[in-house]
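Data first, discussion second: the structure below is written as structure tokens.
The values are calculated or read from the model by the stated rules, or taken from the named source; none is laboratory data. Remember, it's a predicted structure, so these values are computed and weren't measured experimentally. Cβ sites come from the backbone with ideal geometry, for glycine too, and all protein chains shown count toward neighbours. Surface accessibility is based on the protein's heavy atoms, side chains included, excluding ligands, DNA and RNA. Shrake-Rupley method; radii C 1.70, N 1.55, O 1.52, S 1.80 Å.
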Amino acid sequence: MKIDVAVPVPDKEKRAVLAAAVSKLFDKWGLSSADRLALLGLSEENRAALHRYARGEALAANRDLTDRVGHLLGIHKSLKLLYPKNDEIVSRWMSSPNVKFGGQTPINVVRRFGLPGLVMIRGTLDAMRGT
């Protein structure tokens, strides 16, 4: 017997809150449009979506996209907990080479591995926090 345990995509109102939060986070991290697209798993053709999200429009009703945003917000939370007095580290961590990822930046890990790379980054930070 197969059991469907799919979690539903958040409603439009929640997706709008997520869009605003991730847009603000990307600004804090100082990311280029190309990096923002890569972290969201979007192609260059979806560049206009970044502008819509920054204006407060809801994320697309897409499980991969909402999962990615959830992981990105979790990464930011972990960074704030690990470095509560160092906003510079929090702001630059995603785009800085890291020995834990073979000298690659976390953004490049996501470019290479997609959503599993994002999960790996979040898991690494969770392990650093001891959770």
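The figures follow:
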quantity: Lone qualifier among LEU65, LEU42 - being in contact (Cβ under 8 Å) with a residue 24 or more places away in the chain and among the aliphatic types (A, V, I, L, M); calculated: LEU65
quantity: Of all residues making up the range 64-109, the number that are of a type outside the set (Asp, Glu) and more than 10 Å from the chain's Cα centre (by Cα); calculated: 29
quantity: Hey, LYS100 under 16 Å from ARG122 (Cβ atoms), free of Cβ contacts under 8 Å to residues at least 24 places away in the same chain and either open to solvent by less than 70 Å² (accessible area, probe 1.4 Å) or in a helix (DSSP H, G or I) (or both) or not; calculated: no
quantity: Only one of LEU73, LEU40 that is aliphatic (A, V, I, L, M) and buried (at least 18 other Cβ atoms within 10 Å of the Cβ); calculated: LEU40
quantity: Subset of the range 56-70 that is surrounded by 15 or more Cβ atoms within 10 Å (Cβ to Cβ) and of a type in the set (D, E, K, R) - its residue that is nearest to ALA19 (Cα to Cα); calculated: GLU57
quantity: Matching option when the condition is in a helix (DSSP H, G or I), free of Cβ contacts under 8 Å to residues at least 12 places away in the same chain and more than 18 Å from ALA21 (Cβ to Cβ), among ARG112, ARG92; calculated: ARG112
